[in-house]
Amino acid sequence: MNKRFYVTTPIYYVNDAPHIGHTYSTVAADILARYHRLLGDETFFLIGTDENAKKNEETALNLNEETHAYVTRMSQTWRETWDKLGISYDRFIRTTEKDHLEAVAKFFEAVHNKGDIYEGEYHGLYCVGCEDFKNERDLTEEGLCPLHNRKPEEVTEKNYFFRLSKYKEPLLKYYEENPGFIQPEFRRQEIIKLVTDYCEDFSISRQNQTWGIPFPLDSTQRIYVWFDALINYLTGVGYGSDDGKFGKFWPANVQIVGKDIMKFHCIYWPAMLLSAGLTLPKQIFAHGFFTVNGEKIGKSLGNAVDPLKLKEDYPIDAIRYYLFSELNFGSDGDFSEDRLKEMYNAKLANGLGNLCGRIAKLAERCEINLDPFKFGLDSVPQTYHDSLTQLKFQDALEQIWQKIGSLDKKISDGKIWELPDSELKPILTGLISELQVIITELQPFLPETADKLIEQFGGGKVKALPPLFPRK
Ligand code: MSP
């Protein structure tokens with residue numbers, strides 16, 4: 001029986017447009033989903049939009065648009081972006097959908113029955129940018145939120161709280177017993193420290209708000225957006241609507257998040273699940289942040305790189321290659337179009353593209369006729385599987401490009417094009433079988449390119465075609 005694999009990305013706020021940072025998380029999950037489908041695993045890949053946030057409402061108001069119409073329009077933009085980028089998701093969830101509201105109600109009831117929700121008064125600071133409560137220790141010397149450069153609002157209101165403090169010891173025990181739960185390791189250490197030092201109850205409702213899911217116990221309150229948003233990962237696989245599906249896919253295998261939202265995913269989320277009596281996801285992987293030409297990506301800075309704009313100049317596979325070969329998944333890095341161009345020419349045009357072009361041209365000359373090839377992952381070395389299961393995407397790409405380099409060298413050093421066809425043929429057949437393994441390995445990373453190459457080198461007569469990646 002095949003295994004099953006469930007992978008998620010953060011659901012993005014719709015008050016902003018998709019940029020290269022969001023693309024990074026989404027493509028990472030796409031690589032994993034494609035890899036597991038190729039392994040034959042029953043795979044579910046969830047993406048979506050986070051719509052009940054106050055900041056979505058604020059933006060709609062500024063635009064003079066009705067909030068629901070605004071989030072619907074923007075959600076569509078996000079979805080279209082991922083479609084145009086070829087993201088192989090199985091469901092695009094919107095947190096304003098009916099099954100999500102039902103899932104939230106069910107989850108809320110479980111947590112409430114457990115005695116983990118109580119009424120209190122919240123007095124403190126709230127940053128709408130983060131949709132998060134802030135402590136003095138979280139702010140800059142000037143009292144600003146370091147992520148949004150904005151002064152948090154001071155609020156005093158009746159709120160309902162979730163008993164996070166009750167889960168301090170169970171969480172620490174879980175982190176200890178499941179070292180793979182939070183990755184990379186240095187992030188796990190950060191979270192352990194945070195939970196050890198602070199693990200305070202948090203408010204899960206907002207008073208007098210007009211947007212957001214109504215709070216079940218009190219009509220003057222709405223559910224705090226993060227409490228509802230996290231539950232999307234359950235709704236997406238049928239919690240509260242399809243028990244069979246939920247039983248099959250939950251717990252998630254990998255939940256990809258950026259380092260900015262680790263607290264919610266590594267502390268609040270597992271505590272909420274423990275409270276509701278549900279199994280915890282197998283892994284939360286927090287990746288680093290991209291700057292653009294050395295600068296933080298910011299709405300106000302206007303430097304956000306639009307992936308669709310980029311796609312006008314570069315094939316999506318070139319963008320995917322650049323994002324995942326440039327840095328180790330987990331570290332911070334910088335995005336620059338100059339560097340993308342440099343890598344495109346060096347690794348795709350001159351590297352992979354040139355190799356395939358050379359082999360195809362010689363194969364056409366010798367009229368090579370190939371047996372059908374399967375391109376199944378059972379033909380690839382264990383190191384490739386290890387890199388993918390550990391989310392070491394950069395390592396996997398490096399291994400593939402080493403093979404590309406060594407095949408290229410074999411052709412150049414042997415000057416094989418000078419050989420007569422009868423001698424060239426068996427050499428070429430050998431080279432093509434090595435190339436077929438490379439193509440197999442490329443599938444999760446560069447799916448469009450891999451499809452073209454499978455067509456070209458998958459069986460029958462090999463034809464020379466125009467360059468895969470024309471030089472820029
Ligand atoms: N809506 C919440 C997530 C709720 S999940 C239950 C949210 N949305 S967001 O639109 O602000 O997206 C944040 C995520 O976008 C980050 O965690 C990360 O995945 C991605 N990134 C945003 N900026 C990024 C960079 N500059 N670099 C890399 N990833 C970035 O938070």
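The values are calculated or read from the model by the stated rules, or taken from the named source; none is laboratory data. Predicted model only: the values in this text are computed from it and were never measured. Cβ sites come from the backbone with ideal geometry, for glycine too, and all protein chains shown count toward neighbours. These area figures cover heavy atoms from the full protein model, side chains too; ligands, DNA and RNA do not enter into them. Shrake-Rupley method; radii C 1.70, N 1.55, O 1.52, S 1.80 Å.
Within the stretch 166-180, restricting attention to residues that are under 27 Å from the mean Cα position of the chain (by Cα) and of a type outside the set (Ser, Thr, Tyr), the residue that is least open to solvent (accessible area, probe 1.4 Å) is 171. On inspection, residue 55 passes the criterion of being open to solvent by 20 Å² or more (accessible area, probe 1.4 Å), assigned to a helix (DSSP H, G or I) and modelled with pLDDT under 95. Only a single item in (1) in contact (Cβ under 8 Å) with a residue 12 or more places away in the chain; (2) open to solvent by 30 Å² or more (accessible area, probe 1.4 Å); (3) out of contact with any Phe, Trp or Tyr (no Cβ under 8 Å at 6 or more places or on another chain) is not met by residue 106, and it is number (3). Just one of the listed residues (461, 472) is charged (D, E, K, R) and surrounded by 13 or more Cβ atoms within 10 Å (Cβ to Cβ), namely 472. The set of residues from the stretch 136-188 being of a type in the set (Asp, Glu) and in a loop (DSSP other than H, G, I, E, B) comprises 141, 142.
If you go through the stretch 275-329 and keep only what is among the small types (Gly, Ala, Ser), within 12 Å of the ligand (Cβ to nearest atom) and at pLDDT 95 or above, you end up with 286, 288. Taking residues in the stretch 185-200 that are modelled with pLDDT of 95 or more, and partners anywhere that are assigned to a loop (DSSP other than H, G, I, E, B), the pairs with Cβ atoms closer than 8 Å and at least 6 places apart or on different chains are 185/179; 187/330; 188/179; 188/181. Applying the set (1) open to solvent by 50 Å² or more (accessible area, probe 1.4 Å); (2) more than 22 Å from residue 30 (Cα to Cα) to residue 332 leaves exactly one unmet item: (2). Selection of the stretch 1-28 for residues being more than 6 Å from the ligand (Cβ to nearest atom) and aromatic (Phe, Trp, Tyr) yields 5, 6. State all residues of the stretch 20-43 that are surrounded by 23 or more Cβ atoms within 10 Å (Cβ to Cβ) and either outside any helix (DSSP H, G or I) or on the phi > 0 side of the Ramachandran plot (or both); if no residue qualifies, say none. The one that is surrounded by 23 or more Cβ atoms within 10 Å (Cβ to Cβ) and either outside any helix (DSSP H, G or I) or on the phi > 0 side of the Ramachandran plot (or both): 43. Filtering the stretch 244-263 to residues that are without any contact (Cβ under 8 Å) to a residue 60 or more places away in the chain and buried (at least 20 other Cβ atoms within 10 Å of the Cβ) leaves nothing.
Looking at 236, 212, just one residue is surrounded by 15 or more Cβ atoms within 10 Å (Cβ to Cβ), within 16 Å of the ligand (Cβ to nearest atom) and more than 17 Å from the chain's Cα centre (by Cα), and that residue is 212. Residue 93 meets each of the listed conditions (1) within 30 Å of residue 153 (Cβ to Cβ); (2) open to solvent by 50 Å² or more (accessible area, probe 1.4 Å) apart from (2).
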